[in-house]
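This report refers to the structure that appears directly beneath it.
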Amino acid sequence: MSTALKAESLSKTFSVSGGLFSRARPGVRAVRPLSFSVETGETLGIVGESGCGKSTLARMLVGLLPASEGSIEIAGKALDTADPAAFGRLIQYVFQDPVSSLNPRKTIRQIMEAPLRLLHGMDRAARAARIAEIFGSVNLRDEFLDRYPHEFSGGQAQRIGIARALAAAPEILILDEPVSALDVSVQAQVLNLLARLKREFGLTYLFISHDLAVVEAVSDRVMVLYFGAVVEIGPAREIFTSPKHPYTRLLAASAPVVGRPLAAPEQKDSELPDPLDPPPGCAFAGRCPRASDLCRREDPALEPMGETRLAACHHPLED
């Protein structure tokens with residue numbers, strides 16, 4: 001199996017203004033150096049709390065944000081934003097909010113034609129044929145093409161967003177919270193649609209979500225982010241049932257389950273570290289019941305934990 005996407009030592013730091021009369025402040029490191037790969041045809045789930053760097057990572061992978069350090073390879077080629085059309089034909093982004101991601105001043109036909117014209121240089125007849133094919137794939141009617149985004153429900157708008165991404169004939173889709181804004185019944189429809197499209201078009205997915213049940217259901221592997229760094233990677237069927245990192249266990253215990261009363265998991269501190277003043281050592285140490293002086297002094301490296309798992313923890317959990 002070939003590698004569809006590979007990131008090496010990838011990081012992103014945002015500069016912070018100190019104001020006119022105050023001294024300059026260090027930048028905020030939204031994504032700390034991380035490395036991972038995604039195999040062709042795989043779905044990699046990416047989870048973590050708000051502010052952990054999921055969306056920043058996704059935007060770097062599609063070239064919407066320049067990386068501060070590191071490299072990105074797509075289909076064996078280094079990401080080069082000098083030719084965005086070349087990588088637009090390889091990787092596309094499905095946004096979290098289906099309605100606001102569509103231009104309200106353009107019809108759906110105009111929105112769909114843009115990637116076909118700009119990325120593939122198709123003439124009008126070829127564009128019409130491709131749009132009809134994609135609309136059929138996502139179960140949308142042809143009369144929708146002459147309407148505007150505000151005329152659609154959330155589920156319909158998300159299918160239009162998926163159709164727009166597919167129109168470019170990409171190999172990889174970045175799905176950033178693709179069902180979080182939808183009703184539960186509509187979520188199931190969109191997830192089933194994504195599963196079918198993946199089979200039909202041979203796609204590779206990076207699926208970002210807060211909903212651990214959804215991530216576990218759709219993913220082959222799951223990557224857990226905390227404070228901008230990878231703390232655990234492993235098979236979806238194992239990572240939440242037998243986590244190696246205490247933070248992964250915290251996420252699994254915090255997820256609401258029908259029929260189970262909500263209970264706050266035990267932890268020393270519920271607050272994330274200050275991004276302007278990050279702590280030394282492991283960023284999770286202040287919230288971890290297993291933390292030691294070693295954890296507060298040295299940042300753990302991401303290391304193999306068995307045959308299929310990687311975790312960054314000085315005191316990993318036992319099975």
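The values are calculated or read from the model by the stated rules, or taken from the named source; none is laboratory data. All values derive from a computational prediction rather than experimental measurement. Reconstructed Cβ throughout: ideal geometry from the backbone, glycine too, with neighbour counts over all protein chains shown. Ligands, DNA and RNA are excluded from the accessible area calculation, which covers all protein heavy atoms including side chains. Shrake-Rupley method; radii C 1.70, N 1.55, O 1.52, S 1.80 Å.
Its Kirkwood hydrodynamic radius, worked out from the mean inverse distance over all distinct Cα pairs, puts segment 159-243 at 13.9 Å. The accessible-area ordering, largest first, of the residues 250, 79 stands as 79, 250, per a 1.4 angstrom probe. Under 5 Å from the amide H of residue 31 lie the amide H atoms of 12, each residue being 5 or more positions distant or on a separate chain, with H modelled from the backbone and absent for Pro and chain starts. DSSP beta bridges fully contained in the chain are about 60 percent antiparallel. If you take the Cα atoms of segment 73-160, find Rg, then find the Kirkwood Rh from the mean of 1/r over all pairs, what is Rg/Rh? Ratio of gyration radius to Kirkwood radius: 1.00. In the chain, Cα pairs under 8 Å separated by at least six residues give a relative contact order of 20 percent. Overall, the chain carries a charge dipole of about 700 debye about its Cα centre when +1 sits on the Cβ of Lys and Arg and -1 on the Cβ of Asp and Glu, all other atoms neutral. Computed from Cα positions, the angle between helix 154-167 and the longest principal axis of the chain comes to roughly 80 degrees. Taking the Cα atoms of segment 53-199, the ratio Rg/Rh between the radius of gyration and the Kirkwood radius comes to 0.96.
As a calculated quantity, the FRET efficiency between residue 297 and residue 50 at R0 = 30 Å, using C-beta atoms, amounts to about 0.60.
Estimated from helices alone, the mean residue ellipticity of the chain at 222 nm is -9000 deg cm²/dmol (sum of -39500 (n - 2.57) over DSSP H runs with n ≥ 4, per residue). Taking the Cα centre of segment 79-145 as origin and assigning +1 to Lys and Arg Cβ atoms and -1 to Asp and Glu Cβ atoms, the resulting dipole is close to 200 debye.
Among 160, 111, 233, the largest mean-square fluctuation in a Gaussian network model of the chain, built with springs joining Cα atoms closer than 10 Å, belongs to 111.
For the set 77/106; 12/106; 12/244, the pairs lying more than 29 angstrom apart at their alpha carbons are 77/106; 12/106.
At the residue level, residue 244 shows approximately 30 square angstrom of accessible surface with a 1.4 angstrom probe and all protein chains present.
The heavy atoms of residue 108 offer some 0 square angstrom of accessible surface to a 1.4 angstrom probe. With both labels modelled 7 Å from their Cα along Cα-to-Cβ, the residue 100 to residue 59 distance reads 1.2 nm.
Residue order by solvent-accessible surface for 314, 245 is 314, 245, largest first, with ligands and nucleic acids left out and a 1.4 Å probe. Calculated translational diffusion coefficient of the chain (20 °C, 1.002 mPa s; Stokes-Einstein with Kirkwood radius over alpha-carbon pairs) equals 102 µm²/s.
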